[in-house]
Structure formats: C-alpha cells, structure tokens
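S.K.: One structure, as structure tokens, below. Some questions next.
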Amino acid sequence: MSNNAMVRKASSFEIVNHWALAVSFFVLAVSGYAFLFHLEGVGSVFGGFNQMRAVHNWAGVVFAVSLFLTIFHYLPVSLHFTSDDAAWFGKAGGYFSKRAAVPPQDELNAGQKLYYLVVLAAGVVISASGIVIWLRPWAKSGILLSHLLHNISFDLMVIAIPAHIYLATLANPGTFRIMVYGTVPLSWAKKRHAKWVQRMGF
Amino acid sequence: MTTTNRKALLISPELCIGCRGCQTACKAWNQLPGTKTVNRGTVENPPDLTPQLYNRIRYVEMPSETSVRWLFVNQRCMHCGDAGCMKICPAPGALYRTKEGAVAFDKDKCIGCKLCVEGCPFDVPRYDEKGKIAKCHLCFDRIAYGLLPACAKTCPTGAIRYGERDALVEMAKKAGYQKVYGEMDLEGLGAIYAFRDAPKIYGYAEKPGIPESVVFWHKVLKPLSYIGLGGVVAASLIHYVAFGPKKDEEVKKDE
Ligand code: SF4
Ligand code: SF4
C-alpha cells in the first residue's frame, strides 16, 4: 500500500458513538458546573433548573450507554500494557522534546490507554453514583457516598477530558479527522501506531 | 452567616405542657392537611416530622425511681447559621436566607433532588408527593407583615418564643441556663434550646455538624473542579506555545 493511501482507524459506529460521548459529556459538564455554582444564566439556557435536572439525568443515560459500548473496542487493547508503553511514558510520549523518537505504539498509544482506563473508571463511578442520587434505590443510604464519588469523578473528568481534546486536536494535527472520517493516511499511522499497522498488515 | 438583627426561636422544654398547639397552628397557617395516625401507646403523635408536619412535639419519657419524667421538645428546622441543606442544594433560590436569618424555601425553584435531606445535621427536610422540599420556614410570610410565627403565637406557656436572637440568648441565661443549645453551633442556630440536661436526652447531638463528606466536597472538590479545568486549559496553551504540535516531518527523518 502506498504511503498516501488512507487506512481506517475508526468504524462509523465508533465515530457516532464517540460523538454521543462528546456531546453528552459537554451537556453534563456544563449543567454540572451550573448545579455546583448556581449559574442561573446556564440554567435559563436549559429552560430552568428543573428542566436542566431532567436533561442532566438523561444525558447521563446517553453517556453511560455510549461509554459501555466503547468497552468492546478499547478495553482489551488498553489493558494490554507492554514494555514499549513503559518506555513511552519514560519519554513522556515525546511531548516535551522537539525531536520525538518514541517507541512504536499499538492501536492506542500508552497515554491513550491510560486515558481510556481513567475515563472508563471515572465514567462507571459517575454513572452508578448518578443513578443512586437520581433514583434513591436504598432510600437514604448510599446517597452521601454517591454524592462524594460523583463529584470526585467529575473533577477527574474535567481534568482528563480537556487534556484529551487538546492532544487529539491542536497538539497532534491530523488526529481529529479520525472522529470525522475515521481514516488516516498510512504514513501518519506508520509513525504513530507502527505496531498496529504491522499487526493489521496494511 | 452575616445577618445583623438576627431573629430566632427560643424553645424551653421545661415550660412546655405538651398541648401541641404549635403543631396545629402551623398546619392551619400553612394549610397542611391532617394525617390519620395510630395509637402507639404514647401521646406523642405523629412519630416524626412529615411533609405535612413542619414542627411537632417530641415526647421523651424518662423513667425515674419514683415516677416518670416527661420532656416535651419542639422539633423543627433549626435555621442553622451554616446550613447543610443550603450548602448541598444545587438549585439557586430553592433554599434561601430570609433577612431575619431563617432558611426558607421556594417549591417552584426546588428541583426535587432531595440532597438537602442528606446535608441536614438534624434530619429535618421532608419532601412532598411531588418530590419537593417541605419544612419549617419560620413563617417568613407572617414575619414580613409583623406577625409572630404561628407556633410562637399559639404557644400558651412561652415554651416557644420568637424575637431578637441575642435577647433570647440572654433571656435563657438569666433564667438560669448556663448553656443554650445552638448558641454557637453551626454559626449559631436560629432555633435555640434551653435544655436542663444533656442535649442527647432531648434527642439532639452534643455537637451537631454538617456531614464531613459535604464539607470536604464544599471546601475541596468544588474549587478543584474549576482549578483543574482551568489548569488543564492553561497547561495546554503553555505546551502549545513552548513545544508546539507534533510535527510529522521531523519524525520522518527517523524513518
Ligand atoms: S436544620 Fe436542617 S433544614 Fe433546617 S437550616 Fe439546618 S440544615 Fe437546613
Ligand atoms: S430537594 Fe429541592 S431544596 Fe432540597 S437540595 Fe434539592 S433542589 Fe434544593
């Protein structure tokens, strides 16, 4: 295959699912901040806090379902940690040197693997605790713990996800197109995901 | 809480005769329906606060060697200076501070999340059939017109008194109570109690406090949510300026 050929990095299902995650996260985070800090202006965009509560809860359902659907695709590769991944972290992914020579990476690089595991863990906790706060399945018990966990995972996410957005856009030109077209130039894939290219036999 | 001229209720179980006029007057003013109760072998009824019962008399029966000592304690929202319910509430205006320093509510603004129930150190907030908060609001709608709260107005013995908070504290001290319950706790309660014995005998914690997880959330997790987000955005900008994006051309040389 010529280096200019395009190879598929994400299926259309993954693209749609990723957008569902992104949009629901945005709605959840914005309304979440509005609840935390009583942002009345944001509340009125949603048509008042009562309505914002409903939107927040149902956006949470969308987020939880799409997060669940990512598991099949990203979890196995993320759990597969190799010495190349350790070396990648040793070089901080090459993000702090002009000459980036990092060890060859699989379909996800070491940073992406770690990111996925963090977001998956935080996502499971925030979804489960959100459901407890919403539906109060055990009357009074577990609500304060859920409130605490919901907010800890919220803090984790508003740190991890913007970093992910930066790295997938400005910091790495050519990456964002995966979320639009699902394809990347083979030359690009060879540089960033050499082991994956080899494994796939492109 | 910063309110000069703060008002309060002084509750004196020693003066209470257990007539429950306060319960009835509150229901009448707030148009809260009566509820069917059952005989549980005590005159205390109902057994707990409900969405239709904003205050009630708790009957404590203390057997002594010769007879039984009865304590009648008016149970209600304490209008805490540092109110756990307000702290945890996500809906602006659902719970609010009146200019007398009480904690009132607005059912239209309440979103029915019921978190206030968890944030309260005194297990006070209840919620109605629509899931909206229901509790004592210190008759803000009477006070505004210069009337006494319904309970204080009705109480025939002075066991519930409404007035300037400072004056009430002084009054209780003059009456021989060295410690007034709620004088200092939670930045001062808006319902203070003249207890003769240890608070726990009357059903109150010695040192009431907002749940620790709520305090931690308020002091640490809330600020972290915007410091964290702001920090990542700033770090990204700095990284972009200092190191710039990954350049494919440079990597090419290694090929
Ligand atoms: S007693 Fe409970 S409901 Fe009343 S002000 Fe204090 S925290 Fe709020
Ligand atoms: S139930 Fe209503 S008053 Fe209570 S915390 Fe939720 S929004 Fe606030």
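The values are calculated or read from the model by the stated rules, or taken from the named source; none is laboratory data. Values in this document were obtained by computation on a predicted structure and should not be read as measured data. Here the Cβ positions follow ideal geometry from the backbone for every residue, glycine too, while neighbour counts run over all protein chains shown. Just so you know, the surface numbers come from the protein's heavy atoms only, side chains and all, with ligands and any DNA or RNA stripped out. Shrake-Rupley method; radii C 1.70, N 1.55, O 1.52, S 1.80 Å.
S.K.: Excluding residues on the same chain fewer than 8 positions from B:Lys107, give the aspartates and glutamates whose Cα lies under 16 Å from its Cα.
M.R.: The reachable aspartates and glutamates, counting only those whose Cα sits under 16 Å from B:Lys107, are B:Asp128, B:Glu129, B:Asp141.
S.K.: Tell me the carbon and sulfur percent of the accessible area for the protein assembly as shown, rounded to whole percent, probe radius 1.4 Å.
M.R.: Working: 14390 of 22530 Å².
Exposed carbon and sulfur together represent 64 percent of the surface.
S.K.: List the lysines whose Cα lies under 18 Å from the Cα of B:Lys109, skipping any in the same chain that are fewer than 8 positions away.
M.R.: B:Lys87, B:Lys130, B:Lys132, B:Lys135
S.K.: Straight-line reach only, C-alpha to C-alpha below 29 angstrom: list the lysines that B:Lys246 could link to, leaving out same-chain residues fewer than 8 apart.
M.R.: Output for B:Lys246: A:Lys9, A:Lys91, A:Lys98, A:Lys113, A:Lys190, A:Lys191, A:Lys195.
S.K.: Quick one: of the DSSP bridges fully inside chain B, what percent are antiparallel, nearest 5?
M.R.: Percentage antiparallel, nearest 5: 85.
S.K.: Still on this structure: Give the accessible surface of the range A:13-172 per residue, rounded to a whole number of Å², with probe radius 1.4 Å and ligands, DNA and RNA excluded.
M.R.: With the other protein chains kept in place, the range A:13-172 gives 48 Å² per residue.
S.K.: Treating only the Cβ of Lys, Arg, Asp and Glu as charged (+1, +1, -1, -1), what charge dipole size does the protein assembly as shown show about its Cα centre? Round to the nearest 20 debye. Don't skip to the end; give the middle numbers.
M.R.: On the way: 51 positive and 35 negative charges, 81 e Å.
With only Lys, Arg, Asp and Glu charged at Cβ, the dipole is about 400 debye.
S.K.: Given the options A:Pro103, A:Gly142, A:Gly174, identify the residue whose Cα lies farthest towards the positive end of the charge dipole of chain A (+1 on Cβ of Lys, Arg; -1 on Cβ of Asp, Glu).
M.R.: Highest projection toward the positive end goes to A:Pro103.
S.K.: Now a separate question. List the residues of the range A:134-180 whose accessible area drops by at least 40 Å² when all protein chains are present, compared with their chain alone, using a 1.4 Å probe and counting only protein heavy atoms.
M.R.: Buried on complex formation: A:Arg136, A:Lys140, A:Leu144, A:His147, A:Leu148, A:Asp155, A:Ile159, A:Tyr166, A:Leu170.
S.K.: Looking at the protein assembly as shown, what % of its DSSP beta bridges pair antiparallel, to the nearest 5?
M.R.: If we restrict to bridges inside the protein assembly as shown, about 90 percent are antiparallel.
S.K.: Follow-up question, since we're still on this one. With a 1.4 Å probe and all protein chains left in place, how much accessible area per residue does chain B have, in Å²?
M.R.: Details: 12610 Å² over 255 residues.
On a per-residue basis, chain B sits at 49 Å².
S.K.: Order the peptides A:42-49, A:131-138 from the highest to the lowest mean number of other Cβ atoms within 10 Å of their residues.
M.R.: Result, highest mean first: A:42-49, A:131-138.
S.K.: What nm value, rounded to one decimal, do you get for the distance between A:Thr169 and A:Arg8 when each label is placed 7 Å out toward the C-beta?
M.R.: Label-label distance for A:Thr169 and A:Arg8, simple model: 2.7 nm.
S.K.: Continuing with the same structure: How many angstrom lie between the C-alpha centres of the range A:131-202 and the range A:1-79?
M.R.: Each part reduced to its Cα centre gives a spacing of 9 Å.
S.K.: Give me the net charge of B:Ile160's neighbourhood, meaning all other residues with Cβ under 10 Å from the Cβ of B:Ile160; Lys, Arg count +1, Asp, Glu -1.
M.R.: Values: positive: B:Arg76, B:Lys153, B:Arg161; negative: none.
Combined, the nearby Lys, Arg, Asp and Glu give +3.
S.K.: A further question on this structure: Considering the dipole of chain B built from charges on the beta carbon (Lys and Arg +1, Asp and Glu -1) around the Cα centre, which of B:Pro46, B:Pro156, B:Val68 is farthest to its positive end?
M.R.: B:Pro156
S.K.: While we're here: Once the dipole of the range B:78-171 is set up with Lys and Arg at +1 and Asp and Glu at -1 on Cβ about the Cα centre, which of B:Ala91, B:Val124, B:Ala102 lies farthest towards its positive end?
M.R.: It is B:Ala91.
S.K.: Can you pull out the buried accessible area for chains B and A, both sides counted, probe 1.4 Å, rounded to the nearest 100 Å²?
M.R.: Values: alone 14630 and 11970 Å², together 22530 Å².
Using a 1.4 Å probe, the pair buries roughly 4100 Å².
S.K.: Efficiency by 1/(1 + (r/R0)^6): what FRET value for B:Glu170 and A:Val55, r their Cβ-Cβ distance, R0 = 56 Å, to the nearest 0.05? Walk me through the numbers before you get to the answer.
M.R.: Values: r = 51 Å, r/R0 = 0.91.
Rounded to the nearest 0.05, the efficiency is 0.65.
S.K.: Quick one: dipole size for chain A, taken about the Cα centre, charges +1 on Lys/Arg Cβ and -1 on Asp/Glu Cβ, in debye to the nearest 20. It would help to have the intermediate numbers written out before the result.
M.R.: On the way: 15 positive and 7 negative charges, 102 e Å.
Taking the Cα centre of chain A as origin, the dipole is about 480 debye.
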